[in-house]
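First comes the structure, then the notes that go with it.
The values are calculated or read from the model by the stated rules, or taken from the named source; none is laboratory data. Worth saying up front: this structure is predicted, and the values here are computed from it rather than measured. Reconstructed Cβ throughout: ideal geometry from the backbone, glycine too, with neighbour counts over all protein chains shown.
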């Protein structure tokens, strides 16, 4: 279980580059020690030290996968669901803050379970009442809004938990189907992106590949001359 804010310093957790890389990898799929060592290119002893640090603080957890064909079992690490939930909720708070600071939201995002325009009209109508009626109406109005906000918060929390379950299912499914870690990560990113983000992601991949090909071509020209 994720420790409380009083018992963990998130800045200390993220201050180390190796820990950040470990969390970036585990955010997309579970991984075992040798896999993390190969991808991060840090000694196995150092990776294990950081894994123990993260696990002691409840940020990651581990599970054993039985080996096939007589191979030994592997210990996989993954980010704890409670941490993923906090991350999603924090992301939502940042998104809402951006909307308040001038961002644009769609009609569906604004409405949720209540129509703000309708509620605004109600408040304007209350403002036209005499003093005693206005006080009574304001009390009912504020209580009604508080009840609605609680329902929205509860629904959002429940939906966020379902999203995390769906992402965990996606990780397991991709691990069953694809052997290549790079293929799994690419498909996982595709699952988590909307259409615009996915198009931009593939555009960047193609552009990066083009730059790599051009760089190799230029190096070959330097080695073999202009006739190459």
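Values as computed for the structure displayed
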| quantity | calculated |
| --- | --- |
| All positions within region 193-227 that are touching a helix residue (DSSP H, G or I) at 6+ places or on another chain (Cβ under 7 Å) and in a helix (DSSP H, G or I) | 198, 201 |
| Conditions (1) in a loop (DSSP other than H, G, I, E, B); (2) modelled with pLDDT of 90 or more; number of the one not met by residue 3 | (2) |
| Some residue of region 67-75 being assigned to a strand (DSSP E or B) and either modelled with pLDDT of 90 or more or not assigned by TED's automatic domain parsing to the domain that holds residue 171 (or both) | yes |
| Qualifying residue in region 148-163 (condition: at pLDDT 80 or above and under 30 Å from residue 63 (Cβ atoms)) | yes |
| Some residue of region 151-167 being within 18 Å of the chain's Cα centre (by Cα), closer than 25 Å to residue 35 by Cα and loosely packed, with under 14 Cβ neighbours inside 10 Å | yes |
| Residues of region 120-164 satisfying the condition of being closer than 22 Å to residue 83 by Cα, in contact (Cβ under 8 Å) with a residue 12 or more places away in the chain and out of contact with any helix residue (DSSP H, G or I) (no Cβ under 8 Å at 6 or more places or on another chain) | 152, 155 |
| Residue that is nearest to the chain's Cα centre (by Cα) [pool: residues in region 45-65 that are closer than 11 Å to residue 23 by Cβ and in contact (Cβ under 8 Å) with a residue 40 or more places away in the chain] | 59 |
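Condition check ((1) within 30 Å of residue 25 (Cβ to Cβ); (2) assigned by TED's automatic domain parsing to the domain that holds residue 36; (3) not in a helix (DSSP H, G or I)) across all residues:
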| residue | (1), (2), (3) |
| --- | --- |
| 129 | no, no, yes |
| 141 | no, no, no |
| 146 | no, no, no |
| 151 | no, no, no |
| 157 | yes, no, no |
| 173 | yes, no, no |
